[in-house]
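Contents: one structure, followed by commentary.
Every read-out reported here was derived from the displayed coordinates using simple, explicitly stated rules and does not represent laboratory data. Just so it is clear, the model here is predicted, and its values are computed rather than measured. For neighbour counting, all protein chains shown are included, and Cβ atoms are generated from backbone atoms with ideal geometry for every residue, glycine included.
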Amino acid sequence: MLTRPIPSTGAPLPVIGLGTYRSFARYTPQLAEVLTLFFGAGGTLIDSSPMYGGAEAVCGDVLEEVNGRGTAFLATKVWASGREKGVHEMETSFRNMRAGDTMELMQVHNLIDTDTHLDTLKGWKAEGRVKYIGITHYATSAFKDLGKYIRKEPEIDFCQFPYSIEQRLAENGFLQLCADYGVATLINMPFEQDGLFNSVLGAPLPDWAKEIGVNTWSQYFLKYLLANDAVTCLIPATGNPSHMADNLKAGTGPIPDPAEQKRMALYFDRL
């Protein structure tokens, strides 16, 4: 799988990650197959949150089942107000996800009590409890606030935000801002929570899609995003092995150049 460097360290990160929202809410035997496929194809980053119900604990259970902790790049979030509540929640996340002594990435979820949690996480990073620090939001309306923190907090390694072929606001300067400040980007909702598939229901892929290594709409939507060099890793959520296999293929083969990306957007917009 294609990798891209985490700007703050230069460490390579596979471009297709795995989200757990809804898809890991409860245990199913298919989840072990999902992680086996994911790791087998070179994937590493698994993103979760205490907000996602039982997803962290389910992720931890399945990781143990497939003996995958040594391969996984675990990312989760703090979703609380106040230092003590935040510390308690993060400690619980460590246990639920079977992270051990170190979590690869801890993010402040939706900018809740950001200054308080960043202060804690800076200390944890210095102690080696977390390798990377991040901030997240689910709404494009938060780009201005995310940008303020990126500009003022040089210890922020990652920023997670929404971006899709339908919702392209990140292209209007925000992706470039992350690149300029050396912040890795995690892209959530790349399928608009499956809304994109409804938009193209019954529509054929263009004849030229195979020229850029695209054989399904899933690959079309993901490769569109990877055409932007400022995108570090995509985190579509799935608990379906066949969907996992399809998503993973987007991280291999040719990546569209800017002209091809524009062509992809125009074709989608006309549907």
From the Cα gyration tensor of the stretch 180-224, with a ≥ b ≥ c the square roots of its eigenvalues, which class applies: rounded if a/c is under 1.5, or else prolate if a/b is larger than b/c, or else oblate? oblate
So the angle from the long Cα axis of helix 114-127 to the longest Cα principal axis of the chain, reported in degrees to the nearest 10, equals 80 degrees
Considering only the other residues whose Cβ falls under 13 Å of the Cβ of residue 228, what net charge follows from Lys and Arg at +1 and Asp and Glu at -1? 0
Could you sort 204-211, 256-263 so that the peptide with the highest average Cβ count within 10 Å comes first and the rest follow in order? 256-263, 204-211
I need to check one value: relative contact order of the stretch 1-98, counting alpha carbon pairs closer than 8 Å and at least 6 residues apart, in percent. 26 percent
Run through the DSSP bridge list for the chain and note the antiparallel percent, rounded to the nearest 5. 10 percent
In percent, how large is the relative contact order of the chain, given Cα pairs closer than 8 Å and 6 or more residues apart? 21 percent
Rounded to whole Hz, the Karplus (6.51, -1.76, 1.60) HN-Hα couplings of the stretch 181-189, x for glycine and proline: 9, x, 10, 5, 10, 10, 9, 9, 6
Rounded to the nearest 10, the angle in degrees between the Cα long axis of helix 30-40 and the longest principal axis of the Cα atoms of the chain comes to 80 degrees
How far apart, in nm, are two points set 7 Å out from the Cα along the Cα-to-Cβ line at residue 111 and at residue 192? 2.4 nm
Taking a ≥ b ≥ c as the square roots of the eigenvalues of the Cα gyration tensor of the stretch 3-161, is the shape rounded (a/c under 1.5), prolate (a/b larger than b/c) or oblate? prolate
Nitroxide proxy distance, nm - points 7 Å out along Cα→Cβ at residue 30 and residue 207: 3.6 nm
Once a ≥ b ≥ c are taken as the square roots of the eigenvalues of the Cα gyration tensor of the stretch 65-145, is the result rounded (a/c under 1.5), prolate (a/b larger than b/c) or oblate (a/b not larger than b/c)? prolate
